[in-house]
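Input: a single structure, listed below in structure tokens.
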Amino acid sequence: MLALVALGRGVLPVGEQTRRFYARPDVAYVPIHDAPPICRGPVWPTGNTTSRVREFVRAAADANPLPPD
């Protein structure tokens, strides 16, 4: 998608972390100040849930609490 944006073929709303992780000189990242934050979280197949997966998700959630509304 960022390649299409760089070619002038569209726009793509992305989270703040995208600007940091995918810095491109051919793409302008313009802040949208009144947009709600984009929250992300881990996803995995339900048939692959183990105690290690649950513990990892719990540790990640504890280390990164959701911002207040």
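The values are calculated or read from the model by the stated rules, or taken from the named source; none is laboratory data. Source: prediction; values computed, not measured. Cβ coordinates were reconstructed from backbone atoms using ideal geometry, including for glycine residues, and neighbour counts include every protein chain displayed. Each accessible area value is taken on the protein alone, full model and side chains, heavy atoms only, with ligands, DNA and RNA left out. Shrake-Rupley method; radii C 1.70, N 1.55, O 1.52, S 1.80 Å.
Size of the dipole of the chain about the Cα centre, Lys and Arg at +1 and Asp and Glu at -1 on the beta carbon, nothing else charged, in debye to 20? Walk me through the intermediate numbers first.
Details: 8 positive and 6 negative charges, 56 e Å.
In total the dipole reaches around 280 debye.
Report the accessible area of Y22, computed with a 1.4 Å probe over the heavy atoms of all protein chains in place, in Å² rounded to the nearest 10.
140 Å²
Using r as the Cβ-Cβ distance of A59 and V30, and R0 as 30 Å, what FRET efficiency do you calculate, to the nearest 0.05?
Working: r = 35 Å, r/R0 = 1.15.
Efficiency for this residue pair is about 0.30.
What length, rounded to one decimal in nm, is gained on full extension from E16 through to L2, with 0.36 nm per residue of separation minus their alpha-carbon distance? Before the final figure, lay out the partial values.
Numbers: separation 14, 0.36 × 14 = 5.04 nm, distance 1.42 nm.
Result for the pair: 3.6 nm of gain on full extension.
Which distance in nm do the two modelled labels at N48 and R9 give, with both placed 7 Å along the Cα-to-Cβ direction?
3.0 nm
Using the basic label-point model (7 angstrom from Cα toward the beta carbon), what is the L66 to A23 distance in nanometres?
Inter-label distance under the simple model: 3.3 nm.
Roughly what angle does helix 51-63 make with the longest principal axis of the chain, taking Cα atoms, 0 to 90 degrees, to the nearest 10?
Rounded to the nearest ten degrees, it is 60.
For the chain, what does the helix formula give at 222 nm: sum of -39500 (n - 2.57) over DSSP H segments with n ≥ 4, over the residue count, nearest 500 deg cm²/dmol? List each step's numbers first, then the result.
On the way: 3 runs with 24 residues, N = 69.
When only DSSP H runs of four or more count, the value is -9500 deg cm²/dmol.
Enumerate the calculated ³J(HN,Hα) couplings along segment 30-47 in order (Karplus 6.51 cos²θ - 1.76 cosθ + 1.60, θ = phi - 60°), each rounded to whole Hz, writing x wherever the residue is Gly or Pro.
10, x, 10, 5, 9, 8, x, x, 8, 9, 10, x, x, 9, 8, x, 4, x
Taking the square root of 5 times each eigenvalue of the Cα gyration tensor, what semi-axes in Å does the equivalent ellipsoid of the chain have, largest first? Walk me through the intermediate numbers first.
Details: eigenvalues 196, 55, 21 Å².
In descending order the semi-axes read 31, 17, 10 Å.
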